[in-house]
Each structure stands twice: as C-alpha cells, then as structure tokens.
Amino acid sequence: MPTPLRSPLAMVALPVLLAGLIGEIAFEAYAWLISPQIFGFALQPSKLVMAIGQMHLGITLSHWMAFAIHFCIGAVGFGVFVYLVRRFVVASSWAAGLLSGVTLWFVAQGMLAPLVGRSFMMDFGPYTQSSFVGHVGMTLITAYLLGLWLPQGDEPEAKPEAA
C-alpha cells in the first residue's frame, strides 16, 4: 500500500502546489517591487477582490484579507490551472505557461475588472500591460517548474499492489 506522500495523487499534487506557490510569490514580487520601477505603480489585485466582495457578495474585506484570498487563489488555483492546460491542452511547458498566463490575464482584466465597473481590459493601459507581464511571467515560471518536476506532464502510474 503506498504511503500518503507516495500515492499517485500526492506525487502530482505536491509539485503542482509548490510550483503554484513559487509562481504566486514571483507574481507578488513583480507586482510590488518590479512593476513600480517599470510602470510607476504596484499591481494590487487585492483591490479587485475587495470590490467583487463588496459589490457582488455584500461583504467588506480588509486589504489583507483580500490579499490573502488572491494569494491563495494564485498559489493553488493558478498552479492547478497551469497543470491542467499542460496535461490536456498543450504538452510544451512554455506553450502551457503562455496560454495559461494570457487566459488568466484576460479573466482578470477582461471579465472581472468590468464586473466592478472598470472598462474592458482597462483600455489596454499601463495597468493592463503590467498585469500581462505579471500573469504570463507567473505562469511561465509555474509551467517551467512543472516541466522539471513532472517531465511528461502525466500523473505517475499507480503501481499494482503485491498480493
């Protein structure tokens, strides 16, 4: 019987979660440290989370709670999304990272931002451009790590148990 950390699920879930966590940390480092140097402002997706909470759920979230929600979605959800794109859509790590990043960028700027009254893709201005760099950079890093840790992009084969 496989131990919990040697189960086929764990052998996929752990690399996916770790790659997602590293990708999200890279996103936040870019958002707070690099974007201000290039674009003149930090990315703050927590403000989008706060606005969605207020306008569509009727709840007021603190900045730190909204930050934590976005961080968790990024670390877990985006890692899983990149894995699924790589496994079922395109096997190349780089192509999966690029496709995932463009998709997540579009969801953030093209779908969620208009939900809170912002213009579609925020008129493709500097915030949207910086968001593109952040999302695609994060998913390229995540996909690269998944390529290292799950080279075929496939789940490990379950070994039959000895009778």
Yes/no for residue 19 being surrounded by fewer than 21 Cβ atoms within 10 Å (Cβ to Cβ) and under 18 Å from the mean Cα position of the chain (by Cα): no
Single residue of 96, 51, 75, 42 found to be in a loop (DSSP other than H, G, I, E, B) and of a type outside the set (S, T, N, Q): 42
Which of (1) in contact (Cβ under 8 Å) with a residue 24 or more places away in the chain; (2) surrounded by fewer than 16 Cβ atoms within 10 Å (Cβ to Cβ) is the odd one out, the single condition residue 30 does not satisfy? (2)
Index of the failed condition, residue 105 passing every other in (1) out of contact with any Leu (no Cβ under 6 Å at 6 or more places or on another chain); (2) in contact (Cβ under 8 Å) with a residue 40 or more places away in the chain; (3) under 30 Å from residue 149 (Cβ atoms); (4) part of a helix (DSSP H, G or I): (2)
Would you mention how many residues in region 68-92 are crowded, with 17+ Cβ neighbours inside 10 Å, without any contact (Cβ under 8 Å) to a residue 60 or more places away in the chain and either small (Gly, Ala, Ser) or in contact with a strand residue (DSSP E or B) (Cβ under 9 Å, 6 or more places away or on another chain) (or both)? 1
How many residues, within region 29-70, are of a type in the set (A, V, I, L, M), touching a Gly at 6+ places or on another chain (Cβ under 7 Å) and within 18 Å of residue 139 (Cα to Cα)? 2
Given the conditions (1) over 12 Å from the mean Cα position of the chain (by Cα); (2) closer than 24 Å to residue 9 by Cα, every one holds for residue 65 apart from (2)
Find all pairs meeting these conditions: Cβ atoms under 7 angstrom apart; at least six residues apart or on different chains; first residue within region 39-58 and free of Cβ contacts under 8 Å to residues at least 24 places away in the same chain and within 19 Å of residue 106 (Cα to Cα); second residue β-branched (Val, Ile, Thr) and not in a loop (DSSP other than H, G, I, E, B). 49/69
Those residues that are in contact with a Phe, Trp or Tyr (Cβ under 7 Å, 6 or more places away or on another chain) and either surrounded by 17 or more Cβ atoms within 10 Å (Cβ to Cβ) or within 22 Å of residue 13 (Cβ to Cβ) (or both), I need them from region 98-114; list them, please. 100, 104, 105
Cβ-Cβ under 6 Å pairs, at least 6 apart or on other chains, region 4-21 side more than 21 Å from residue 97 (Cα to Cα) and of a type outside the set (D, E, K, R), far side modelled with pLDDT under 95 and outside any helix (DSSP H, G or I): 8/155; 8/156; 8/158
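The values are calculated or read from the model by the stated rules, or taken from the named source; none is laboratory data. Being a predicted model, the structure only gives us computed values, none of them experimental. No Cβ is skipped: glycine too gets one built from the backbone with ideal geometry, and neighbour counts run over all protein chains shown.
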